[in-house]
1. Of all residues in the stretch B:1-56, count the ones that are in contact with a Pro (Cβ under 9 Å, 6 or more places away or on another chain), of a type in the set (D, E, K, R) and more than 7 Å from chain A (Cβ to nearest Cβ).
2. Taking the residues in the stretch A:112-128 that are among the charged types (D, E, K, R) and more than 7 Å from chain B (Cβ to nearest Cβ) as candidates, determine which candidate is surrounded by the most Cβ atoms within 10 Å (Cβ to Cβ).
3. Quick check on the stretch B:1-59: of everything there that is at pLDDT below 95 and of a type in the set (Lys, Arg), which residue is farthest from the chain's Cα centre (by Cα)?
4. So which residues in the stretch B:136-152 are surrounded by fewer than 17 Cβ atoms within 10 Å (Cβ to Cβ) and at pLDDT below 90, if there are any at all?
5. Quick one: residue A:109 ticks every box in (1) in a helix (DSSP H, G or I); (2) more than 7 Å from every other protein chain (Cβ to nearest Cβ) bar one, so which box is it?
6. Would you call residue A:136 surrounded by 17 or more Cβ atoms within 10 Å (Cβ to Cβ), within 7 Å of chain B (Cβ to nearest Cβ) and polar (S, T, N, Q)?
7. Between a residue in the stretch B:40-54 that is touching a residue at least 12 places away in the same chain (Cβ under 8 Å) and any residue that is part of a loop (DSSP other than H, G, I, E, B) and small (Gly, Ala, Ser), which pairs come within a Cβ distance under 8 Å, given they are 6 or more apart or on different chains?
8. Residues being more than 22 Å from residue A:32 (Cβ to Cβ), part of a helix (DSSP H, G or I) and at the interface with chain B (Cβ under 8 Å from one of its Cβ atoms): count how many of those fall in the stretch A:58-82.
Amino acid sequence: MHDDTSVTTAEPQHPAVRLSELAGVFGRIGLGSFGGGLIAWIHRDAVERRPWMNDAEFLSGYALCRILPGANIINFAVYLGVHLRGLIGATTALLSLVVPPAIIGIILFQIYERYHGIGAAQFVLDGVAATAAGLNVATAVKALRRSRNLLAATVAIVVFVAVGILHWPMLWVVMVAAPASVALAWRTESYG
Amino acid sequence: MDEDTLWALVRVFVPISLVSFGGLLTTIAEIQHQTIAVHGWITDRDFIDIFAIARAAPGPGTLMVTLVGWHVAGWMGALVASLAFYVPTSIMVGAGAIVWRRYRNTAWREKIERGLSPIATGLIFAGVYAVLNAVGGTIAAFATAGVSAAILLWRPLNPFLLLCGGAAVYLLVFLFS
């Protein structure tokens with residue numbers, strides 16, 4: 001296994017991937033996915049089924065996408081697009097991923113607006129929103145369970161209070177808290 | 001529709017995009033605060049509807065930003081809000097990919113990931129709190145979220161099925177009360 005600098009040396013060599021194929025993969029992922037878990041689909045399409053990336057490139061790219069701001073899946077679409085075809089590839093992947101669901105979402109929203117006078121429709125959406133909030137709770141709880149670190153939990157609570165309750169601007173809270181938190185992770189192995 | 005509103009959308013969503021570590025989930029509280037309290041673009045009701053529809057529709061959760069833009073300023077609003085949210089992070093990923101290839105040492109990557117994790121956790125809880133307050137902050141809303149989280153932590157269920165379940169339960173409660 002060469003885990004060395006093979007990726008750094010030259011432009012990655014790929015059989016010229018057609019933009020239509022890239023669009024097809026991300027279009028399918030965008031429309032066929034409900035409520036998350038999209039990264040597993042990309043792995044299957046880009047690594048297992050096609051020679052677009054090897055596992056190491058995939059994992060390394062995914063790590064980058066998680067560190068940078070933005071949704072993982074959106075970031076990864078851009079990353080893979082750049083990797084395969086540069087700027088035009090990134091644009092194609094991103095648009096194919098977000099535009100079809102956006103159109104469907106807007107149509108759904110217009111249909112809903114026609115009926116939102118009906119009490120039942122609002123009540124049902126209250127239910128969907130509260131259930132979806134629970135999905136988010138599960139995501140956060142998993143992260144907390146993984147760390148079990150008191151200091152990290154304290155940082156999470158401080159950020160929650162600052163943004164959620166005091167409504168301090170998220171930009172400034174994160175600009176201050178993120179470097180501080182990364183510094184703590186640097187010092188303490190169990191932090192995170 | 002006026003140009004000022006479109007610029008205001010840019011001024012709201014570009015900063016949020018720049019610090020959206022962890023994706024949309026971490027930005028919900030700020031989006032709620034900016035669009036309802038600061039700009040008065042949408043009501044609590046709109047916010048719930050947009051959040052619920054974005055989660056129930058296919059595709060990435062970031063659809064919520066597009067729907068906010070659409071609600072505020074139609075198709076142009078949808079386009080502008082989406083670009084304001086996607087372009088800054090995409091540029092960072094493109095630039096990051098180049099730097100990434102140069103520095104293959106992974107020791108510091110792992111430290112950054114661990115450092116950002118508690119920030120994301122705190123922000124996600126802030127978003128949950130914002131949504132549940134918009135739904136009325138009732139015990140029923142908090143209980144629903146609690147049950148839904150518990151189910152998902154217990155079994156890796158398809159989230160879409162869970163959302164359908166939540167909708168069905170609320171519909172039954174509405175019909176029989």
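The values are calculated or read from the model by the stated rules, or taken from the named source; none is laboratory data. Just so it is clear, the structure is predicted and the values come from calculations on it, not from any experiment. Cβ coordinates were reconstructed from backbone atoms using ideal geometry, including for glycine residues, and neighbour counts include every protein chain displayed.
1. Here the count works out to 0.
2. Our first condition is that a residue be among the charged types (D, E, K, R); within the stretch A:112-128, this holds for A:113-114, A:126.
Narrowing further to those that are more than 7 Å from chain B (Cβ to nearest Cβ): A:113-114.
Details: A:113: 13, A:114: 9.
Per the stated criteria, the residue is A:113.
3. B:45
4. Correct list: B:136, B:137.
5. So residue A:109 meets the others, but not (2).
6. Details: surrounded by 17 or more Cβ atoms within 10 Å (Cβ to Cβ): yes; within 7 Å of chain B (Cβ to nearest Cβ): yes; polar (S, T, N, Q): yes.
Judged against the criteria, residue A:136 is a match.
7. Filtered contacts from the stretch B:40-54: B:54/B:61.
8. Just the residues of the stretch A:58-82 that are more than 22 Å from residue A:32 (Cβ to Cβ), to begin with: A:59-60, A:63-64, A:66-69, A:82.
Keeping just the survivors that are part of a helix (DSSP H, G or I) gives A:59-60, A:63-64, A:66-67, A:82.
After this cut, where a residue has to be at the interface with chain B (Cβ under 8 Å from one of its Cβ atoms) as well, the list is A:60, A:63-64, A:66-67, A:82.
Number satisfying all stated conditions: 6.
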